[in-house]
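Beneath this line is the structure, given in structure tokens, with notes to follow.
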Amino acid sequence: MEKIRENRIFALIFRSAALVIGLFGLIVMLKNAPARMMLTYYTIQTNIMTLLLFAALVVKSVLQLATDGKKGRVACLPPALQLCITFYITITMVVYWALLSWQTFSMTGAGNPVLMKIGNVIVHGFVALFAIADWIMFMPHGEIKYKSALYWLAYPAAYAVFIFLIAEFSGINYAGSRYPYPFIDTDVLGGYVALVVIALAAAFYGLGLLYIKADKALAGGKKKEEE
């Protein structure tokens, strides 16, 4: 693992592949429906965040190779920021495969069905896996405090408010619903949506704590390797 962690050429290739594959999936999905609708999805927003992360990492990796050579600590963003974005895209993956993938609910459009399936798997799976792998392999570990898990809830909370505003004022129709996701549809669930939001917030907070705990464990593992 240590050889991979300090291989800047491999890091650049890995990050470039993540960026290209992720962009392909995102473009396929954005062609599926009007951008005004697609950009309201948490999936699309978090994929954009993660691809911006990889774009920044690719640039940093290229500059690092040009100035500091092929071997040594791989360039990363500030750990709390990079893991925060990884946390957000992980929510996309977990919520989709746990709550949505088994349903007939889908974003309909005129796109090629095969490309749509590929794009769907990329934005709901591969992008998150790339981000997780980059965190494990290249990011310095053990620097993030547990209180960061609470701060990371700011975006999901803001997104919840955003969705309720969209439902009330945008007029967007999501396959017969005012809401992009069925588990926050107040027209169907009524006041029970509040319980769903609380449960999701608790689950996301737990996931954030788990990530930070794992990050500290990876730091311990790295120290043992060095010893």
Those residues of segment 58-88 which are surrounded by 14 or more Cβ atoms within 10 Å (Cβ to Cβ) and of a type in the set (Val, Ile, Thr) amount to Val58, Val62, Val74, Ile85, Thr86
In segment 167-185, anything assigned to a helix (DSSP H, G or I) and in contact with a helix residue (DSSP H, G or I) (Cβ under 9 Å, 6 or more places away or on another chain) is listed as Ala167, Pro182, Phe183, Ile184
How many residues of segment 4-56 are part of a helix (DSSP H, G or I) and either open to solvent by 50 Å² or more (accessible area, probe 1.4 Å) or within 22 Å of Ala157 (Cα to Cα) (or both)? The answer is 26
Condition set small (Gly, Ala, Ser) and touching an Asp or Glu at 6+ places or on another chain (Cβ under 9 Å), scope segment 137-178, selection surrounded by the most Cβ atoms within 10 Å (Cβ to Cβ): answer is Ala167
Leu77 meets each of (1) touching a helix residue (DSSP H, G or I) at 6+ places or on another chain (Cβ under 7 Å); (2) assigned to a helix (DSSP H, G or I) with one exception, condition (2)
All-but-one check, Ala157 against (1) modelled with pLDDT of 95 or more; (2) in contact with a Ser or Thr (Cβ under 8 Å, 6 or more places away or on another chain), failing number (2)
**Request:** Using the structure shown, decide if Ile198 is open to solvent by 50 Å² or more (accessible area, probe 1.4 Å), β-branched (Val, Ile, Thr), modelled with pLDDT of 95 or more and part of a helix (DSSP H, G or I).
**Result:** yes
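Can you name the residue in segment 80-106 that is modelled with pLDDT under 90 and assigned to a helix (DSSP H, G or I) and is also nearest to Met139 (Cα to Cα) among such residues?
Here the residue is Ala98.
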Within segment 139-166, the residues that are not in a helix (DSSP H, G or I) and not acidic (Asp, Glu) are Met139, Pro140, His141, Gly142, Ile144, Lys145, Tyr146, Lys147, Trp152, Leu153
**Message:** Given the condition at pLDDT 95 or above, part of a loop (DSSP other than H, G, I, E, B) and open to solvent by less than 70 Å² (accessible area, probe 1.4 Å), answer yes or no: does some residue in segment 107-128 qualify?
**Reply:** no
Taking first residues from segment 61-81 that are farther than 24 Å from Ile212 by Cα and second residues anywhere that are assigned to a loop (DSSP other than H, G, I, E, B) and open to solvent by 30 Å² or more (accessible area, probe 1.4 Å), the pairs with Cβ under 8 Å that are 6 or more apart or on different chains are Lys71/Glu6; Gly72/Glu6
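The values are calculated or read from the model by the stated rules, or taken from the named source; none is laboratory data. Being a predicted model, the structure only gives us computed values, none of them experimental. In this analysis, Cβ positions are derived from the backbone assuming ideal geometry, glycine residues included, and neighbour counts consider all displayed protein chains. Quick note on the areas: whole protein, heavy atoms, side chains included, nothing else; ligands and nucleic acids left out. Shrake-Rupley method; radii C 1.70, N 1.55, O 1.52, S 1.80 Å.
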